[in-house]
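To start, the structure itself, in structure tokens.
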Amino acid sequence: MQNHILLVEDDNDINTLVSRYLKANDCRVSVARDGREMDRILTTSRVDIVLLDIMLPGEDGLSICRRLRNSSTMPIIILSARGEEIDRVVGLEIGADDYVAKPFSARELLARIRAILRRSSLPAAKTTRSEARRLGFSGWVIDTRERSLTTPSGAKATLTGAEFDLLVAFAERSGITLSRDQLLELTQGRLAAPFERSIDILVSRLRRKLSPDDEKSEFIRTIRSEGYLFTPEVTAS
């Protein structure tokens, strides 16, 4: 399904440029020139993300952002010619997910849109696990503060930083199938390349380290056409 992007902007040139680029990259785009038009679209259509200019006729963008955030968790990116740090801080503090200063690259804007949509679709970690210092499974112990992994025999396993981050992401969401894009977002941040295949390599390396005796590990299962599933029961402390 195409992502539906609502662009709230009164500049015709920007509307044309952004709409054309996003549509060429498989997005559905609706355009509103002010808050009233935006409200009409939101009442009749499902929208995945709002691109919101600050300087609008009538109700300004910051007011609209605050109003949207009071009633919805829908992602919002503020677009503004006011690129001062204080403007960015205000925009983020009232609930925007990102702030892009004009002039901006349409390619960069698309990357930020995709990153936020990936992040907003991530399965949430179970609260007790995400707040825990130690996560345990099948005799293995992850210490999130020391960033260490202890084997069932009590030895310290050697993991790279990327391997450790991947293991924590799995352990906090055991029993949930995670796509490659979701794992990229959880381990490498919002600007990770959306088609990066490094996750497959990291999973392979992690599997080998969790099965030091060449036994086939069922800790990380490949779910065809979906991603990966961490199978052990995980305890938090």
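Here are the numbers for the structure shown:
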{"item": "Hits in segment 116-135 - residues which are touching a helix residue (DSSP H, G or I) at 6+ places or on another chain (Cβ under 9 Å) and surrounded by 12 or more Cβ atoms within 10 Å (Cβ to Cβ)", "result": "R118, R119, S121, L122, P123, A125, K126, R129, S130, A132, L135"}
{"item": "Checklist (1) at pLDDT 85 or above; (2) under 19 Å from V203 (Cβ atoms); (3) not in a strand (DSSP E or B) applied to L149, failing item", "result": "(3)"}
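Okay, residues lined up against (1) surrounded by 18 or more Cβ atoms within 10 Å (Cβ to Cβ); (2) closer than 18 Å to R112 by Cβ; (3) in contact with a strand residue (DSSP E or B) (Cβ under 9 Å, 6 or more places away or on another chain):
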residue: D11; (1), (2), (3): no, no, yes
residue: L17; (1), (2), (3): no, yes, no
residue: R36; (1), (2), (3): no, no, no
residue: S45; (1), (2), (3): no, no, yes
residue: L51; (1), (2), (3): yes, yes, yes
residue: L56; (1), (2), (3): yes, no, yes
residue: S63; (1), (2), (3): no, no, no
residue: N70; (1), (2), (3): no, no, no
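The values are calculated or read from the model by the stated rules, or taken from the named source; none is laboratory data. Treat the numbers as computed from the prediction; the structure is a model and nothing was measured. Please note: Cβ atoms are built from the backbone with ideal geometry, for glycine as well, and neighbour counts cover all protein chains shown.
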